[in-house]
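Q: Attaching a single structure in structure tokens format; questions to follow.
The values are calculated or read from the model by the stated rules, or taken from the named source; none is laboratory data. Because the structure is predicted, anything quoted here is derived from the model rather than measured. All Cβ positions, glycine included, derive from the backbone under ideal geometry; neighbour counts span all protein chains shown. Remember, those area values only see protein heavy atoms, side chains included, never the ligands or the DNA or RNA. Shrake-Rupley method; radii C 1.70, N 1.55, O 1.52, S 1.80 Å.
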Amino acid sequence: MENNPDTTPLVSILMTAYNRQQFVAEAILSVLASTYQNWELIIVDDGSKDHTVVIAKKYEAQDKRIKVYVNEENLGDYNNRNRAASYAQGVYLKYLDADDLIYPHSLQIMIDSLEKNSEAAMALSQNIIDDYKAYPILVDSFYIAKIHFLKRAIISVGPSASIIRREIFEEFCGFSSKQFAGDTELWMKISFKYPIVLLQPSLVWWRIHEGQQSEIEKKDSNVAIVRYNLNKYYILNMNTPLSMIDRTLAFKKLNRRFITNQLRYIIKGDFSSFLTNLKVSKLKFIEMLSAIFH
């Protein structure tokens, strides 16, 4: 598609950044290399202390489709994602973290998936191949809930894996500020109400580095608690599209996985953390026994 900066973009690519001077140029260049060109790139810096903004503004000066904003105060991860969405003009929102890359063909695939499936609220690029059918795969809420809670965490992917209809994003008021789980929580809200499209893996390249959020989360013991409580809430929520049998099985599976993960503290001799996490989870003794011996 011809580059016309005066055309209202079909898709708004949202790039939030904080101290990403090492990576932001590559991320921007990956967008510029897309075969699909009717986009705007909104970069929102969350108070970087390095040269992230300087680098981003160089590209803004070269291409009118690129717009750089700098927050007056640090908003944090999910609030900054919402801020970026508030500037968007496109029908679709496509997140791309400032340390990730999008492949040249990926934007076209993602947009086509929603253009051809008007009933779908969003599309997600999976981490695992589901080869029972050719991609893209339109799935309903019952399928997503059952697979996610009983087989594998099919919608536990980061924002870079998503493309969302802006009107749907606004309907759910964007991301909550729930640390470690704001993205999965929004995907649950959307996919448990509307059909979504599953896309093939590897449409985005996630860079692995020490400052990456997922690497930081591995060292934080609160992550497991937050995600346990999130899953528990939606498994037991009667608006989640699960049968009573599936709901019971999903809750037992969740408890068993949580207890197994917490046993590592006992192995390390850290009984205090084990007991603290069980207390915070509000997991009852009978639920523990049922999960372990089911």
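Q: Just the residues that are under 12 Å from residue 201 (Cβ atoms) and either exposed (fewer than 15 other Cβ atoms within 10 Å of the Cβ) or at pLDDT 95 or above (or both), please, taken from segment 120-153.
A: 124, 128, 129, 131
Q: How many residues, within segment 173-193, are closer than 11 Å to residue 82 by Cβ and either touching a helix residue (DSSP H, G or I) at 6+ places or on another chain (Cβ under 6 Å) or modelled with pLDDT under 95 (or both)?
A: Count: 5.
Q: Tell me yes or no: at least one residue of segment 201-218 is on the phi > 0 side of the Ramachandran plot and either modelled with pLDDT under 90 or open to solvent by 20 Å² or more (accessible area, probe 1.4 Å) (or both).
A: yes
Q: Just name the residue that is farthest from the chain's Cα centre (by Cα) out of those in segment 1-18 that are modelled with pLDDT of 95 or more and farther than 9 Å from residue 98 by Cβ.
A: Ranking the candidates gives 9 first.
Q: Next up: Have a look at 118, 113, 86, 106 and point out the one that is under 26 Å from residue 181 (Cα atoms) and free of Cβ contacts under 8 Å to residues at least 12 places away in the same chain.
A: 86
Q: Based on this model, can you work out whether residue 116 counts as of a type in the set (D, E, K, R), modelled with pLDDT under 95 and open to solvent by 70 Å² or more (accessible area, probe 1.4 Å)?
A: Taking the combined requirement at face value, the residue does not satisfy it.
Q: Continuing with this model, one more query. Looking only at residues in segment 81-98 that are open to solvent by less than 10 Å² (accessible area, probe 1.4 Å) and under 17 Å from residue 206 (Cα atoms), which one is farthest from the chain's Cα centre (by Cα)?
A: Top of the filtered list is 98.
Q: Let me ask something else about it. Looking only at residues that are over 27 Å from residue 120 (Cβ atoms) and in contact with an Asp or Glu (Cβ under 6 Å, 6 or more places away or on another chain) in segment 57-74, which one is surrounded by the fewest Cβ atoms within 10 Å (Cβ to Cβ)?
A: Among them, the one singled out is 74.
Q: Are there any pairs, at least 6 apart or on different chains, whose C-beta atoms fall under 9 Å, with the first in segment 131-147 and under 16 Å from residue 250 (Cα atoms) and the second surrounded by 14 or more Cβ atoms within 10 Å (Cβ to Cβ) and aromatic (Phe, Trp, Tyr), and if so, which?
A: If the second residue must be surrounded by 14 or more Cβ atoms within 10 Å (Cβ to Cβ) and aromatic (Phe, Trp, Tyr), the pairs left are 141/192; 141/194; 144/187; 144/192; 145/192; 145/234.
Q: Where in segment 69-182 are there strands (runs of 3 or more DSSP E), lying wholly inside it, with at least 2 residues that are within 22 Å of residue 240 (Cβ to Cβ) and of a type in the set (Val, Ile, Thr)?
A: It comes to 137-139.
Q: Conditions first: (1) free of Cβ contacts under 8 Å to residues at least 60 places away in the same chain; (2) farther than 16 Å from residue 101 by Cβ. Residue 56 passes all but one, so which condition is the exception?
A: Here residue 56 clears every test but (2).
Q: Can you tell me which residue within segment 169-188, out of those that are free of Cβ contacts under 8 Å to residues at least 60 places away in the same chain and open to solvent by less than 30 Å² (accessible area, probe 1.4 Å), is farthest from residue 118 (Cα to Cα)?
A: Among those that are free of Cβ contacts under 8 Å to residues at least 60 places away in the same chain and open to solvent by less than 30 Å² (accessible area, probe 1.4 Å), it is 180.
Q: Cβ-Cβ distance below 6 Å, separation of 6 or more or different chains: which pairs start in segment 224-246 with a residue that is among the basic types (Lys, Arg) and end on one that is open to solvent by less than 80 Å² (accessible area, probe 1.4 Å)?
A: Listed by first residue and then by second, the contacts come to 227/181.
Q: Are there any pairs with C-beta distances below 9 angstrom linking a residue in segment 149-168 that is without any contact (Cβ under 8 Å) to a residue 60 or more places away in the chain to a residue that is buried (at least 17 other Cβ atoms within 10 Å of the Cβ) and among the basic types (Lys, Arg), with the two at least 6 apart or on different chains, and if so which?
A: 156/227
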